[in-house]
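Each remark here refers to the structure printed beneath this line.
No lab work stands behind these numbers, since they all come straight from the coordinates. On a predicted model such as this, the values are computed, not experimentally measured, just so you know. All Cβ positions, glycine included, derive from the backbone under ideal geometry; neighbour counts span all protein chains shown.
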Amino acid sequence: MSLGHQIDDEFDHQAEVETDFMRRGFVKWFIRGVTAVYGAAFVVPVYRFLRSGGADEGGVQVTQITLNDALKLETGAFQMFRFGSKPAIIIRQGENDFKAYLATCTHLGCTVSFNTGSQRISCACHGGQYDPSTGKNVAGPPPAPLTALKTEVANGELIIKV
Ligand code: FES
C-alpha cells in the first residue's frame, strides 16, 4: 500500500469517527431535550396545584355560594352541587335545617351520595357510610368524617360557606 492510500484511509477513518461522535452527541442531546419537555409537562401542573393550596380553577378559592334550588327540596331529600371545583352534597333535614358537605369520600376519594332508604350518606366504591347530621364516618373503610360546610337561610336565600 502506498503512502497516499494510507493517508486517504486514515482521513476516511477519522471522518467516520467524527461523524459517529457527532451522531451520538446529537442523540444524547435529543433524549435530554425530550426528557426535559416531558418532565416539565408533568411537574408544572403538580407544582401549580401545590402552590395554589388546592384553589379552584383560575386560582380563586371559593368560600361561599348561594344554592336557592335546594330550598325546594322536601325534608329527607338531597341535592348534589359543586362548591367551586369540588363535588358537594346538601340534605334537607327540616324547614330551615340543611346539612352540607364536600362529597369526597375520605377513604379513596370517590364521590359520595345520599341513600334516601337508609338515610345515610354512602359511598358506592367500598360501602363507606356517613351520618348525614354530622358527616361522621359510621361504617366501612372511611377513616375520617366528611368536610362539613356551613348553611344559612337568610332573606329567602340559602347560603353555603366554608
Ligand atoms: S372510596 Fe369511599 S369507601 Fe372507599
Note to self: Name the single residue that is nearest to the chain's Cα centre (by Cα) among those in the range 120-152 being exposed (fewer than 15 other Cβ atoms within 10 Å of the Cβ) and under 16 Å from residue 90 (Cβ atoms).
What the structure shows: 148
Item checked: Residue check for residue 139: within 12 Å of the ligand (Cβ to nearest atom), on the phi < 0 side of the Ramachandran plot and free of Cβ contacts under 8 Å to residues at least 60 places away in the same chain -> yes
Checklist line | Residues of the range 84-126 that turn out to be away from the ligand (no atom under 11 Å from the Cβ), without any contact (Cβ under 8 Å) to a residue 40 or more places away in the chain and not hydrophobic (A, V, I, L, M, F, W, C), as a count | finding: 12
Next item on the list: State all residues of the range 83-106 that are of a type in the set (A, V, I, L, M) and either buried (at least 22 other Cβ atoms within 10 Å of the Cβ) or not in a strand (DSSP E or B) (or both); if no residue qualifies, say none.
Entry: 88, 89, 90, 91, 100, 103
